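Below is one structure, written out as C-alpha cells; comments come after it.
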Amino acid sequence: MESFDVGIVGAGVHGASAAYHLARRGVRTAVFERWTPAGGPTGRSSGICRAYYTNPFLARVARESIEMLARFPEHTNGRDAGFRRTGFLFLHPQGDVTAVLYGAAALRSVGVDVEVLDMARLEAEFPMLDLEGLGAGVWEEDAGYADPAAATLGLLERAVELGVEPRMGTEIVDLEAAAGGGGVVTTGDGGRTACRRLLVAAGPWTAPLVRRLGVELPLTVERHVVATLAWGRAEPMPFGHADVASGYYCKPEGEDLFCLGSLLPAAEADPDRVLDRITDRETEELSGAVARRVPGLAEAEVRRGWASLYDVSPDWQPVIGEVAPGVFVDAGTSGHGFKLAPVLGRHVADLVTGGPVEPLLAQFHPDRFGTGRPLPAGYGEARILG
Ligand SMILES: Cc1cc2nc3c(=O)[nH]c(=O)nc-3n(C[C@H](O)[C@H](O)[C@H](O)COP(=O)(O)OP(=O)(O)OC[C@H]3O[C@@H](n4cnc5c(N)ncnc54)[C@H](O)[C@@H]3O)c2cc1C
C-alpha cells in the first residue's frame, strides 16, 4: 500500500496552509481534495483580513497572517494572494464600550494597531455614518482583504513545488485507524493510502469523516450569504466596516463593488443540500441594514451574491487537536478562518509532526466542550469576531 508521513484531507485554505508548512520542513505529505483547491467554502469567503479578535492568540496569528498575505510573493516564490490594505472600522453599541476598551488594550499588547474612537471622533471622521445606537468605534489600520482562492492556490502550489503530492479530484470515502497511530484513507476508486499522521481539514465535512473513527465532534453547519453591490451613484467607502450594533459587515471589492454579510448566527444547514445562491429577501435585509447605517449607500446598486457554509463549533472558535492517536483535526473556523490560516498552518504543522507546539494552541482542543471549558468569543451575538 502507498504510504505518506502525513495525509491531509481537504485543500481549503487550512489544508493548503498545513501542506505548505509541512513541505517547508521536508515532510512527505499528500493532500486529498475531492474538488479543486478552495473549491468549498474557502473559495466563497469574503476574504476579510483583520486582527480584531478578543482571543489574544488568534489576534496574534491573524496579525502575522496579514503580514504574510501582504508579502505573499516572498513566501510563495512570487505568487500573489491579492491582499489590499484598506483599514477597517468596527462599530459597537454603548453596552460594549467597557469590553471594547479592554479588548483594544489587549490587542495593542500583541502588536495590533487599533484605536478606539469616541462618538465625537466617529462623527468628525466618518460623517457618512448615522450614529444611532452606537457607543464607540475601533479603527484597525492594517486590516484589509485578500483573494481566498488565490491564497489557497498559492500555498498549495508552493507546497507542491517543495514536494507535496496533490491528489485533487480525489474523494476520501473512508478512514480507518492504523495500528500504531495515523490512518488509512480509502479514495472513491477504492485505492488505499497509509498515512502515519492524518490531518482532517475538511471544513463542514470534518465531523462526518472523523465519525468513521468513532470520534464525535460538536460541529454544526450553517448557511451564510454574501451580497454584492456596485457603488453606483453612492460615494465609495474605501475601507471595510463591521456594525456590531446592527449585525452586518461591509467590505470593498476592487474599485466598483462592495460585499455585505451578516455577523450573526444562522439556521443549521445540511452541507450536501444547501441553496448556494442568495435570495432577494436576504439581499434586501443586508442592503437595508447598511443603508440605515450609511444612508448614502441607499444609492448603491444590487448586483448578485452567493451562499456558502460555515462549520461552527459551540463557541465559534476553531477546533484543533489530536482526536485519535496520530489523527488531527483543524476545523470549526465558521466565518473567520480564512485570514488565520496562513500562520495557523504553521502551528498545525508543529502539532502534526510532534514538534514543540505553542502552548496556547491547546485551548482549541475539542475536549474543551466535554469538560465545560468553552472559549469566549467576540462581542454579544457577534461571536464571529472571535
Ligand atoms: C460566505 C463566507 C464568508 C466568509 N468570510 C470570511 C472573511 O471575510 N474572513 C475570514 O477570515 N473568513 C471568512 N470565512 C470563513 C473562511 O472562509 C473559513 O473559515 C475557511 O475558508 C475554512 O477553510 P477550511 O480549509 O477549514 O475548510 P473548507 O474551505 O471547507 O475546505 C474543506 C475542503 O475539504 C474538502 N473535502 C471535504 N470532504 C472531503 C472528502 N471526503 N474527501 C476529499 N476532500 C474533502 C472540501 O471539498 C473542501 O474543499 C467566510 C466563509 C464563508 C462561507
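Any read-out appearing in this document is the output of simple, stated calculations on the displayed coordinates, not a laboratory observation. No experiment lies behind these values; they were computed from the predicted model shown. Please note: Cβ atoms are built from the backbone with ideal geometry, for glycine as well, and neighbour counts cover all protein chains shown.
Calculated FRET efficiency, D174 to R121, Cβ-Cβ distance, R0 = 51 Å: about 0.35 to the nearest 0.05. I need the phi-derived Karplus couplings for the stretch 59-66: 6.51 cos²θ - 1.76 cosθ + 1.60, θ = phi - 60°, integer Hz, Gly and Pro marked x. My calculation for the stretch 59-66 gives 4, 5, 4, 5, 4, 5, 5, 4 Hz in order.
So, with +1 on the Cβ of K and R and -1 on the Cβ of D and E, and no other charges, what is the size of the charge dipole of the stretch 194-326 about its Cα centre, to the nearest 20 debye? Provide the component values of the computation, followed by the final result.
Working: 14 positive and 20 negative charges, 81 e Å.
The dipole magnitude comes to about 380 debye.
Length available on full extension from A291 to D189: 0.36 nm per residue minus the Cα-Cα distance, which gives 31.6 nm.
In the chain, a dipole from Cβ-located charges (positive for Lys and Arg, negative for Asp and Glu) runs towards its positive end, and of Y379, T187, F88 it is T187 whose Cα lies farthest in that direction. Our coupling estimate for the stretch 280-288, obtained by passing each phi through the Karplus curve with A = 6.51, B = -1.76, C = 1.60 and θ = phi - 60°, is 4, 5, 5, 5, 4, 4, 6, 5, x Hz, Gly and Pro reported as x.
Think of the stretch 117-159 as having a plus end and a minus end, set by charges on the Cβ of Lys, Arg, Asp and Glu; of G133, P148, A120, P148 sits farthest toward the positive end of this dipole.
The charge dipole of the chain, taken about its Cα centre with unit charges on the Cβ of Lys, Arg, Asp and Glu (plus for the first two, minus for the last two), comes to roughly 860 debye.
With runs of 4+ DSSP H residues as the only contributors, calculate the mean residue ellipticity of the chain at 222 nm using -39,500 (n - 2.57) per run, divided by the residue total and rounded to the nearest 500.
Numbers: 10 runs with 102 residues, N = 386.
Roughly -8000 deg cm²/dmol at 222 nm, from the helical runs in the chain.
With a simple spin-label model that places each label point 7 Å from the Cα along the Cα-to-Cβ direction, the separation between T36 and D113 comes to 3.6 nm.
Basic side chains Lys and Arg get +1 at the Cβ, acidic Asp and Glu get -1 at the Cβ, and with that the dipole of the stretch 1-103 about its Cα centre reaches some 160 debye.
The label point for N77 and the one for E141, both projected 7 Å from the Cα toward the Cβ, are 3.6 nm apart. Extension gain, T371 to E132, is 81.9 nm, computed as 0.36 nm per intervening residue step minus the present C-alpha separation. Shown is the FRET efficiency for V357 and R233, computed with R0 = 41 Å from the Cβ-Cβ distance and rounded to the nearest 0.05: 0.20.
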